[in-house]
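Each reported figure results from applying straightforward, stated rules to the coordinates on display, with no laboratory input. In this text, all values refer to a predicted model and were calculated from it rather than measured experimentally. Here the Cβ positions follow ideal geometry from the backbone for every residue, glycine too, while neighbour counts run over all protein chains shown.
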Amino acid sequence: MNIVKVKKLNRQGKEIELIRFTMSETEFRDLSNEYSGLCLFCGETTECGVEPDAERYECEGCGRDGVFGVEQCLIMGRIEFEGTN
Ligand SMILES: [Zn+2]
């Protein structure tokens, strides 16, 4: 899994940093099965206890409510699958 940081302008015209994840479909399935979550603020992976559709759980890494389930991250466009051969 790779973490990509993307700079974007928000509605107020201020530059913000978004985090995106690149992974294979196998990695995605594993994360989903293990109830892992991803923090959209710092990129930290929460190992377990995050339902795939969870939203805004507290992150152990940065302390903000940025942990989302992997299915939810996919719906939000934050996960991209690596090139399938
Ligand atoms: Zn975090």
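Please check: in the Gaussian network model of the chain (C-alpha springs, under 10 Å), which one of 63, 43, 13 has the largest mean-square fluctuation. Evaluated over the chain, the most mobile residue of the options is 13.
Restriction of the trypsin sites (Lys or Arg not before Pro) in segment 7-85 to DSSP coil positions whose beta-carbon has at most 10 other beta-carbons within 10 angstrom yields 11, 14. Note that the chain carries a Kirkwood radius of 13.0 Å, evaluated over its alpha carbons pair by pair.
Only helical runs count toward this figure. For the chain, summing -39,500 (n - 2.57) over DSSP H runs of n ≥ 4 and dividing by all residues gives -4500 deg cm²/dmol at 222 nm. For the chain, the relative contact order is 26 percent, taking Cα pairs closer than 8 Å that sit 6 or more residues apart in sequence and dividing their mean separation by the residue count.
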